[in-house]
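Have a look at the structure below, then the notes.
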Protein chains: 2
Amino acid sequence: MSGATVDGASAAPGEAAEMAGAVQPALPGRLVVVGSVALDTVETPRGRRERILGGSASFFSTAASYFTRPQLVAVVGADFPEEHVEFLRGRGVDLSGLERSEGRTFFWEGRYSKDLASRTTLDTQLNVFADFRPRLPEAYRGAEFLFLGNIHPALQLEVLEQVRRPRLVAMDTMNLWIETQRDELRRVLERIDLLVINDEEARQLADRHNLPQAARAIHDMGPRAVIVKRGDSGALLFHEHGVFAAPAYPIEEVIDPTGAGDTFAGGFMGYLARRGDLGPAAVRVAMIYGSVMASFCVEAFSLDRLRSLSPQEVAIRFRDFQELTHFEDVSLD
Amino acid sequence: MSGATVDGASAAPGEAAEMAGAVQPALPGRLVVVGSVALDTVETPRGRRERILGGSASFFSTAASYFTRPQLVAVVGADFPEEHVEFLRGRGVDLSGLERSEGRTFFWEGRYSKDLASRTTLDTQLNVFADFRPRLPEAYRGAEFLFLGNIHPALQLEVLEQVRRPRLVAMDTMNLWIETQRDELRRVLERIDLLVINDEEARQLADRHNLPQAARAIHDMGPRAVIVKRGDSGALLFHEHGVFAAPAYPIEEVIDPTGAGDTFAGGFMGYLARRGDLGPAAVRVAMIYGSVMASFCVEAFSLDRLRSLSPQEVAIRFRDFQELTHFEDVSLD
């Protein structure tokens, strides 16, 4: 079913990351992501690109690589360009869990509306992803932080069987699984800490339009916390300490929104893994770093903006988010 | 055309306001609002109410009354219930500019969709509003702060002719005027400081979907600053100091969104008039107080939530907004 991993020629841990300018602590909390690595053909009002790097695990791990050394589990086909493997490796992503199978890589093609508010899927070819059974390398099983990207709930459950005792398990899902695999999805939800989901899917899962109500209903399904991603309206965190609202960074030239949600999740989980603290203050900062990374993602096709993105630019945009939201503590006299 | 004002029996300035628990400084910057006072029949998923108090100037002035003593210019008909006049007077609103004409009060009827995201106008009867020519009492003409509610641009221009030298002129408008009175609207825009407008109307006015781009295009039409109201996605301020994002307060039980935008504007302008400072820090806090007042508005039909709202509750929700948005200054090490 699955072939060899692609990581035979991996650089020594840390070395490649240093070359890429990644900022990584000596002992980050171990972060594992399971998801898709794909080739996408994307058309937006700003252009069209064919067979570019995509997939939830690609976006997630690249964003997380600014904070820690993420460990990736996914599958690609024989057609997957080596340059993409080199890119991820160069970002310091641990690829010992990336299988290369015979056949073709998962392919998605989509077109965005003129206002970028919606998109149409034109083609989906599961290819090697159809038979994907995630297998965590032994070195991944002690993961402290685990992100289950948007894959079949049955596979998400299989991953949960392979980790020992993670401190934080987060997941994403999509309308397809909500509609067709609701029972299995509910079984996963009972076992995770945090659901990271977009607003329309939150409404669909909870069968409620009002987002605070939807978050409460999802909380009752299991997760202690829910993050609702709202695109250019930002993201809301609902948890036992209340609600936190992260704005979206106002961007005049959105080139391609693909992967922004997974990039958000990668920045969020990457920061938490780096900080090793799950307190409410840390989680708020993680929401902002997630938003920071997502704001860069949409500035170019695929992960192209992150190819040149420096840690200094990340730090500057974090300050821009402070500037965007800060107001004085002025009580009425 | 217009008859007597309704303020013959007004309480001494400040007295009624004190009774209502309004917090008002000794010398607020004078704030004038020109707009509609209406009777609305509203149907939302939470119920139906007939001929309740509505209109942009009603919502605006009631919200502003928590910060200053707003001066209202509008017209009502012979059918306008005295209890509504008493309510506004009790809030400390100066009604010497409220005319009572023969005929019937401006009437609007609308129905909201199940998700409250859209509404259908079922009936509009201009009635006495059809012949309304705003006339500012002499005592209003030294206004420091002026809000031109959503009325015909020609009337907005007439108001501008009647004020001496306001420090801040803000206005609202709507799709009807954007579609039918664009030239006259552009003439008003050249003469004001701040446009407060909802997202769809901003896009329509600027002919651009992207909000930062739309705000820039509107800025080029005249206003130094643009506030884009986005309903439950909050509000964005674009001005020479950059962008500020105010979130919406997450509310589980929205009863009636009518008037939330005017209530936002009333809280915003009321706070600025009270503080008498137009610096960037003050304007940010004003955005939050506007959001605070709007968050209460939607919790009941008409202005009902503000009938019982105490200054203490306003102060508590301001702190809730701090809690909703605050995050630590944590740079990457």
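Summary table
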| read-out | value |
| --- | --- |
| Output for region B:99-134, where each listed residue is assigned to a loop (DSSP other than H, G, I, E, B), at negative phi and not small (Gly, Ala, Ser) | B:Glu102, B:Arg104, B:Thr105, B:Phe106, B:Lys114, B:Asp115, B:Leu126, B:Phe132, B:Arg133, B:Pro134 |
| Selection from region A:303-333 of residues that are within 30 Å of B:Tyr66 (Cα to Cα) and either without any contact (Cβ under 8 Å) to a residue 60 or more places away in the chain or aliphatic (A, V, I, L, M) (or both) | A:Gln322, A:Glu323, A:Leu324, A:His326, A:Phe327, A:Glu328, A:Asp329, A:Val330, A:Ser331, A:Leu332, A:Asp333 |
| One residue from B:Gln181, B:Gln213 being facing chain A (nearest Cβ under 9 Å), more than 19 Å from the chain's Cα centre (by Cα) and either surrounded by fewer than 17 Cβ atoms within 10 Å (Cβ to Cβ) or free of Cβ contacts under 8 Å to residues at least 40 places away in the same chain (or both) | B:Gln213 |
| Near pairs, Cβ below 9 angstrom, 6+ apart or cross-chain, from region B:109-132 (within 14 Å of chain A (Cβ to nearest Cβ) and of a type in the set (D, E, K, R)) to any residue that is surrounded by 12 or more Cβ atoms within 10 Å (Cβ to Cβ) and not in a strand (DSSP E or B) | B:Lys114/A:His209; B:Lys114/B:Pro45; B:Asp115/A:Arg203; B:Asp115/A:His209; B:Asp115/A:Asn210; B:Asp115/B:Pro45 |
| Among (1) at pLDDT below 95; (2) in contact with a Ser or Thr (Cβ under 7 Å, 6 or more places away or on another chain) - the single one A:Ile52 does not satisfy | (1) |
| Hits in region B:104-115 - residues which are open to solvent by 40 Å² or more (accessible area, probe 1.4 Å) and farther than 30 Å from A:Gln204 by Cα | B:Arg104 |
| Residue, farthest from A:Asp320 (Cα to Cα), within region A:236-249, restricted to residues that are more than 7 Å from chain B (Cβ to nearest Cβ), modelled with pLDDT of 95 or more and in a loop (DSSP other than H, G, I, E, B) | A:Ala248 |
| Subset of region B:160-178 (residues that are buried (at least 21 other Cβ atoms within 10 Å of the Cβ) and of a type in the set (Asp, Glu)) | B:Asp172 |
| Residue within region B:221-235 that is more than 14 Å from chain A (Cβ to nearest Cβ), at pLDDT 95 or above and open to solvent by 30 Å² or more (accessible area, probe 1.4 Å) present | yes |
| Qualifying residue in region A:116-124 (condition: open to solvent by less than 10 Å² (accessible area, probe 1.4 Å) and either within 20 Å of the chain's Cα centre (by Cα) or not aromatic (Phe, Trp, Tyr) (or both)) | no |
| Helices (runs of 4 or more DSSP H) enclosed by region B:250-327 - at least 3 residues per element that are surrounded by fewer than 21 Cβ atoms within 10 Å (Cβ to Cβ) and more than 8 Å from chain A (Cβ to nearest Cβ) | B:304-308, B:311-325 |
| Checklist (1) open to solvent by less than 10 Å² (accessible area, probe 1.4 Å); (2) away from chain A (no Cβ under 14 Å) applied to B:Asp193, failing item | (1) |
| Condition met for A:Val159 (more than 14 Å from every other protein chain (Cβ to nearest Cβ), out of contact with any helix residue (DSSP H, G or I) (no Cβ under 8 Å at 6 or more places or on another chain) and at pLDDT 95 or above) | yes |
| Checking B:Ser96 against (1) under 28 Å from B:Arg49 (Cβ atoms); (2) assigned to a strand (DSSP E or B), the condition it does not meet | (1) |
| Filter pass, A:Asp115 being among the acidic types (Asp, Glu) and modelled with pLDDT of 95 or more | no |
| Residue ID - most open to solvent (accessible area, probe 1.4 Å), chosen from residues in region B:137-159 that are assigned to a helix (DSSP H, G or I), within 18 Å of B:Pro70 (Cβ to Cβ) and not acidic (Asp, Glu) | B:Ala139 |
| All positions within region B:70-105 that are touching a Pro at 6+ places or on another chain (Cβ under 6 Å) and either more than 20 Å from B:Leu272 (Cβ to Cβ) or in contact (Cβ under 8 Å) with a residue 40 or more places away in the chain (or both) | B:Val73, B:Ser96, B:Gly97 |
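Results for (1) hydrophobic (A, V, I, L, M, F, W, C); (2) surrounded by fewer than 24 Cβ atoms within 10 Å (Cβ to Cβ); (3) at pLDDT below 95, shown as yes or no for each residue.
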site	(1), (2), (3)
A:Ala57	yes, no, no
A:Pro70	no, no, no
A:Val76	yes, no, no
A:Glu82	no, yes, no
A:Ser96	no, yes, no
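The values are calculated or read from the model by the stated rules, or taken from the named source; none is laboratory data. Quick caveat, the model's predicted, so the values are computed rather than measured. Positions of Cβ are generated from backbone atoms using ideal geometry, with glycine treated the same way; all protein chains shown enter the neighbour counts. These accessible areas exclude ligands, DNA and RNA; they are computed on the full protein's heavy atoms, side chains included. Shrake-Rupley method; radii C 1.70, N 1.55, O 1.52, S 1.80 Å.
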